[in-house]
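This report concerns only the one structure given below.
The values are calculated or read from the model by the stated rules, or taken from the named source; none is laboratory data. Source: prediction; values computed, not measured. Here the Cβ is made from the backbone with ideal geometry for all residues, glycine too, and neighbour counts use every protein chain on show. Please note that ligands, DNA and RNA were not included when accessible areas were found on the heavy atoms of the full protein model with its side chains. Shrake-Rupley method; radii C 1.70, N 1.55, O 1.52, S 1.80 Å.
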Amino acid sequence: MEQETPQAPYRAFFYPMRLALLCVGENFMPLAWWTPVSKKPFRFLFAMDRENHTLTLLRELGEAALAFLPWEARGWVVRSGYLSGRKVRKAERLGVALRPARKLEHTQVPEGTLAVYELKVSELPLEGDHALFLGEVVHVEGSQEAKERPILFLGFRDFATLGERWRYRP
């Protein structure tokens, strides 16, 4: 007799999460489910809903860029998640100028991006409603400004940015 694995209900007590823009080809979408997982080699892990059009592009191109934009860009960044790249050219629809990534063959990133991590990606064969990808960082660029007013995802349709800073001093 096979034993069932206990399953807890999904509860999102882990928010806020830093919102990035995942750029693949000329398409992009907001993404909060990402994290660095290694310094040497430098790698990110991210999860994407299996229903998403960007998933098809990731599998096809094998590359992506995590781009971080200022708080002031939050309107179009979030709106891009409500538009399907299957149906519209998001950059054109949102009035966003794109530029080629520095080390990726097919991917473009928005002008005005404060930090970009360009990745060669491979899918991890795990079950679930989200597909997991490991990204090997092939290029990084950015400024300290990227840390100042990030777009923080609080869950559902809520967002915030930083309002106070504190540094631990032993």
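Worth pointing out:
- With every protein chain in place, the chain: carbon and sulfur % of accessible area (1.4 Å): 51
- Considering only P110, P100, P41, the mean-square fluctuation computed in a Gaussian network model of the chain, springs between alpha carbons under 10 angstrom, is largest for P41.
- The GluC sites (Glu not before Pro) of region 26-103 that DSSP puts in a loop, and whose beta carbon has at most 16 other beta carbons within 10 Å, are E26, E51.
- In the chain, lysine pairs with alpha-carbon atoms under 21 angstrom apart (chain gap of 8 or more, or interchain): 6
- For region 34-87, the list of trypsin sites (Lys or Arg not before Pro) that fall in a loop by DSSP and count at most 12 other C-beta atoms within 10 angstrom reads R50, R86, K87.
- Excluding ligands, DNA and RNA, the accessible surface per residue across the chain is 65 Å² with a 1.4 Å probe.
- Normalised contact order of region 75-165, rounded percent, pairs of Cα under 8 Å and 6 or more residues apart: 17
- Annotation for region 96-144: GluC sites (Glu not before Pro) lying in DSSP loop with at most 16 further Cβ atoms inside 10 Å of their Cβ are E105, E111, E127.
- Here the average projected area of the convex hull drawn through the C-alpha atoms of the chain stands at 13.2 nm².
- Take every Cα pair under 8 Å whose residues are at least 6 apart in sequence, average their separation, divide by the length of the chain, and the relative contact order is 27 percent.
- For region 82-98, 3J(HN,Hα) per residue [Karplus equation, 6.51 cos²θ - 1.76 cosθ + 1.60, θ = phi - 60°, Hz, x = Gly/Pro]: 9, 10, 9, x, 5, 9, 9, 8, 4, 4, 5, 4, 8, x, 9, 7, 10
- A simple charge model with +1 on the Cβ of Lys and Arg, -1 on the Cβ of Asp and Glu and nothing else charged puts the dipole of region 1-90 at about 340 debye relative to its Cα centre.
- Solvent-accessible surface ranking, highest first, for Y117, Y82 at 1.4 angstrom: Y82, Y117
- Computed on region 73-170, the Cα convex hull volume stands at 190 Å³ per residue.
- The chain, dipole about Cα centre (Lys/Arg Cβ +1, Asp/Glu Cβ -1), debye to the nearest 20: 600
- Inter-label distance, nm, simple model (7 Å from Cα along the C-beta direction), T5/R102: 4.0
- Counting every alpha-carbon pair across region 1-84, the share separated by more than 19 Å comes to 49%.
- In region 1-71, a dipole from Cβ-located charges (positive for Lys and Arg, negative for Asp and Glu) runs towards its positive end, and of L21, S38, L58 it is S38 whose Cα lies farthest in that direction.
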